[in-house]
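> Here it is: the structure, laid out below.
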Amino acid sequence: MNVSSVRSDDRALLIVAHGSTVNPDSSTPTLAHAAEIRRRKIFADVECAFWKEEPSLRDALFLFDPESIREVCVVPNFISEGYFTQTVIPRELELNGRITKRSNGQIWTYSDPVGNHPAMTELLLKRAREVAPGVDPAESSLLIVAHGTDLNENSAVAAKREAEKIRALGKFAEVLNVYMEEPPLVSDWRKLTKTQNVVVVPFFISDGLHSYEDIPKLLGIVLAAGVDRGRPGSAPPATERSEIFLGNPYRINGRSLFYAPSIGTDPGFADIIIEQAGITKS
């Protein structure tokens, strides 16, 4: 997926994400995508802002010089519409709709979250192929894992939508949307699937405690014994984090389980962010 490299010298891109005070990896994909977009020189400036990290969403109001930057494209790096994209971000950035004209003359445009982009289906399929190379999809089940519950926005709806789109392609024997905290539960994958091979892709923006620890436990993946990951709420050690995605396939009850990093870490998100900002394919 390639997009136009035509540069606008007075347009900037602002990528907004949740961030975390306890998970150092939460902002890593967003910063990486920003660096890649910056490298392409499509925008005069590319910046990030976070709800739980610095620079904050409020700081973003002062990131762009109105004399040189006339338009700021705001792209939420979120999986789905919800409280943050509909309430928190517009409030903190003082947006009054899709287009906001500032008193200084700047125009701020606000896009849909990246998770709404139609290319998300393609990226999920790509991630499934990468984590289980050489495995026949027709003999495999694909599980798209979201958080679930109303407290975590509408990620459950987004996961269901993507599962339905992939299921309609007929590539996999089974395609299921499963959740951590509501049925169908990811912990019930043995009962929910019938195939020898099961491919699991977390439908999250970044890798954190859910993908490093919570989901692996629910799947039955055993982490290294005796690891002390420090204070409650902190991320597992770096060695443990990296190893969780390197143990594929996991053999559980005579079946092969392939576990992928979160979809938001895919480099293809840079293209999606650009397209959500209104830069179309060449």
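> Does Ser211 fit the bill of being closer than 17 Å to Leu124 by Cβ and either among the hydroxyl-bearing types (Ser, Thr, Tyr) or modelled with pLDDT under 95 (or both)?
When the stated conditions are applied, Ser211 passes them.
> Filter region 178-189 down to residues that are in contact (Cβ under 8 Å) with a residue 12 or more places away in the chain and more than 11 Å from Ser141 (Cβ to Cβ), then give me how many there are.
Residues flagged as in contact (Cβ under 8 Å) with a residue 12 or more places away in the chain and more than 11 Å from Ser141 (Cβ to Cβ) within region 178-189 amount to 7.
> Something else about it: Name the residues in region 125-148 that are under 21 Å from Asp214 (Cα atoms) and open to solvent by 10 Å² or more (accessible area, probe 1.4 Å), would you?
Residues satisfying the conditions are Arg127, Val131, His147.
> Next question, about the same structure. Cβ-Cβ distance below 6 Å, separation of 6 or more or different chains: which pairs start in region 161-177 with a residue that is closer than 17 Å to Asp188 by Cβ and end on one that is not in a helix (DSSP H, G or I)?
Filtered contacts from region 161-177: Ala163/Ile144; Ala163/Val175; Ala163/Asn177; Glu174/Ser141; Glu174/Thr193; Val175/Leu142; Leu176/Leu143; Asn177/Ile144.
Here is a yes/no grid of residues against (1) farther than 23 Å from Ala32 by Cβ; (2) modelled with pLDDT of 90 or more; (3) in a loop (DSSP other than H, G, I, E, B):
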| position | (1), (2), (3) |
| --- | --- |
| Asp188 | yes, yes, no |
| Ser206 | no, yes, yes |
| Ile215 | no, yes, no |
| Leu223 | yes, no, yes |
| Ser234 | no, no, yes |
| Arg241 | no, no, no |
| Gly278 | no, yes, yes |
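> Counting only residues that are touching a Cys at 6+ places or on another chain (Cβ under 9 Å), buried (at least 16 other Cβ atoms within 10 Å of the Cβ) and either of a type in the set (Ser, Thr, Tyr) or part of a loop (DSSP other than H, G, I, E, B) (or both), how many does region 20-67 have?
Result for region 20-67: 2.
The values are calculated or read from the model by the stated rules, or taken from the named source; none is laboratory data. Predicted model, so just to flag it, every value in this text is computed and none were measured. We place every Cβ from the backbone using ideal geometry, glycine too, and count neighbours over all the protein chains shown. The area values use the complete protein model at the heavy-atom level, side chains included, leaving out ligands, DNA and RNA. Shrake-Rupley method; radii C 1.70, N 1.55, O 1.52, S 1.80 Å.
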